[in-house]
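Every number in this text was worked out from the coordinates using simple rules, so none of it is lab data. Treat the numbers as computed from the prediction; the structure is a model and nothing was measured. Backbone-built Cβ (ideal geometry, glycine too); neighbour counts: all protein chains shown.
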Amino acid sequence: MASFKEILNSNEEELLQLLYKFNVSRESAEDKAEAIAIKLKLREAQLICAIGFNESTRNLPEIPPILGFDNYDDLLNARNEFFTTDIYKLVSLDNILSIYSVVKNDVANKQIIEYLLSNRLMSIEKRIDETVNSLIIDKYKEEMRAIYSDAIVGIDFVEQRLELADSGFRALLNEVSLIVENKIIPVGELFFRDSILPQEKRKLLNKGLIPRPLIETRLEDPNISDVEKKILYDYINLHREN
């Protein structure tokens, strides 16, 4: 028996030993992964994601056929489908966080997962829009915190998120603060962007992340909105030295 995390972190020898324990040669190709997963008391999606995100798998051409796939690329396609479309049902939040903890040190998978994340987050955000499910929202927040704290994504992904100025999800996540606190983009650079909403800047102010000189310099810009101007003046007045 092996847990999701153990399979995800297994070395080449351990992976082969684990899978060779199960004789599913009589099963059809499409049933092999599920049959092995059942014996491991896992879901098929968990097994495929654990093996698919394990960097050792790419050096073991024997593994895809054991799971019913013609080759490694077919295994990855199945992995990617589960990762991008499942929303904490077949692959749990804990599984997802385990994947991030491994991927952050795997250059090849890290490049791939940043691409996959755009589709995964789109699926999650669509479900939240449709259901406003508080359990999904809480898990989504925790996943996003891990994405930034584990440095899973690069600057291009972050900039793409920041372009969504009217995104309620950015506010829901307090995403601008996450970006600043994890030192992805300097706070001074974000603070002077017009695309960052006044309410988001208020959160940065309330966290004490904006030095007073930056606030005063920003107020010198005649083009800032009245809403932002009021937030900045209110902050200065509230924190005025006696």
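Based on the Kirkwood radius over alpha-carbon pairs, what value in µm²/s does the Stokes-Einstein equation return for the translational diffusion coefficient of the chain at 37 °C and 0.692 mPa s? Write out the running numbers ahead of the final one.
Details: Rh = 20.3 Å.
The calculation lands on 162 µm²/s.
Extension gain, Gln111 to Ser92, is 4.6 nm, computed as 0.36 nm per intervening residue step minus the present C-alpha separation.
What the Cβ-Cβ distance of Gln17 and Glu216 gives, at R0 = 45 Å and to the nearest 0.05, is a FRET efficiency of 0.10.
Its residue count N sets the reference 2.2 N^0.38 Å, and the alpha-carbon radius of gyration of the stretch 135-242 equals 1.12 times that reference. Potential lengthening of the chain between Glu163 and Glu27 amounts to 44.1 nm, from the contour at 0.36 nm per residue minus the alpha-carbon distance. Ranking Met144, Asn54, Ile99 by Cα position along the charge dipole of the chain, where only Lys, Arg, Asp and Glu carry charges on their C-beta atoms, puts Met144 farthest toward the positive end.
How big is the charge dipole of the stretch 1-155 about its Cα centre, in debye rounded to the nearest 20, if each Lys and Arg gets +1 on its Cβ and each Asp and Glu gets -1 on its Cβ? Could you put the intermediate results ahead of the total?
Working: 18 positive and 26 negative charges, 74 e Å.
Once rounded to the nearest 20, the dipole reads 360 debye.
Of the DSSP H helices in the chain, those with a Cα length along their own long axis of 30 Å or more and a mean Kyte-Doolittle hydropathy reaching -0.5 comprise 107-131.
Starting from the Kirkwood radius over alpha-carbon pairs of the stretch 25-169, derive D by Stokes-Einstein at 25 °C in a medium of 0.890 mPa s and give it in µm² s⁻¹. For these conditions, the coefficient is 151 µm²/s. Only DSSP H runs of four or more residues enter the estimate; each adds -39500 (n - 2.57), and after division by the residues of the chain the mean residue ellipticity at 222 nm equals -19500 deg cm²/dmol.
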